[in-house]
Every structure is written in C-alpha cells, then in structure tokens.
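Data first, discussion second: the structure below is written as structure tokens.
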Amino acid sequence: MKNHHHSFWQSLVSSPFMFVAGIIILVFLTRAAWNIHKSDESVSIKAAETQAEIDRLEAQKDDLSGKIDQLSSSGGIESELRTKYRAVKEGESVAVILDDNTGSASSTVAGNGGVASSTSGQSWWSRFWPF
C-alpha cells in the first residue's frame, strides 16, 4: 500500500486560504484592467475632441489666410473700406437702400476728403436712439 501524503506545497495550494487569496488577487487584477480600459476610453475621447479642435483651427487659419491675401491688394483694401466705413472717392455718390420698415432712405456723397456724409437730414445719433 502506498501512503498518499501530500507535500506541503500541494496542501497549501489546495487549501481554502489559497482559494480565497486567489479570488482576492483576481478581483484586484480585474479592477486594474477595468481602470486601464476606462482610462484608454477617456484618452480616445479627448483625442477625438483635440482632433476636432485642430480641424477647426486649421479651417480658421485658411479663412484668415484668404482674408490676408485679399487685404494685401489695393483692391481688397478699397473694398473693405467701402464696405465697413461707406467710404467713397471724390465725386462719387452712393445710394443706400433701406428696408420698408425704416421708412427712409439716404444717399451719401463724398465731398470732404473721401469721407462719406449723410444728406438725409438725420443726425448720426438718431440711427442708434430713434426718439
């Protein structure tokens, strides 16, 4: 008859203590893997947001480069001045067409150094405060 004595290591591995320790280690490893997964997910979201911001900034850069190119020419500068400040050349006149809601129209004539002056009889203040 053979004597079936377990060695110390065999009895340690098959003990309930090792079973509980193994479960605890498994829980910690699973938790660490889950945290890594969540971290990777967060980084992916931030990377997508950053790429969208880069794309937006590149589109803005292209738009501004186009505006700079346009304003680099004398025609572009003149166009911008006419649009923003209603500037006209000496001897030119400009007709301003207003909506029906405002009820009045005015024309602008350049006579004092290219700066437009209104000939409608309204003061400049009445454009902002209609009393």
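The values are calculated or read from the model by the stated rules, or taken from the named source; none is laboratory data. What you see is a predicted model; the values in this text were computed from it and never measured. Note that we place each Cβ from the backbone using ideal geometry, even for glycine, and neighbour counts take in every protein chain shown.
Scanning the range 48-90 for residues that are out of contact with any helix residue (DSSP H, G or I) (no Cβ under 9 Å at 6 or more places or on another chain) and among the acidic types (D, E), which turns out surrounded by the most Cβ atoms within 10 Å (Cβ to Cβ)? Ranking the candidates gives E78 first. In the range 74-98, the residues that are on the phi > 0 side of the Ramachandran plot reach residues that are at pLDDT below 75 with C-beta atoms within less than 8 angstrom, at least six apart or across chains, in these pairs: R86/V94; R86/V96; R86/T108; R86/A116; G91/A110. Any residue at all in the range 59-73 that is among the β-branched types (V, I, T), modelled with pLDDT of 85 or more, within 35 Å of the chain's Cα centre (by Cα) and part of a helix (DSSP H, G or I)? Looking through the range 59-73, at least one residue is among the β-branched types (V, I, T), modelled with pLDDT of 85 or more, within 35 Å of the chain's Cα centre (by Cα) and part of a helix (DSSP H, G or I).
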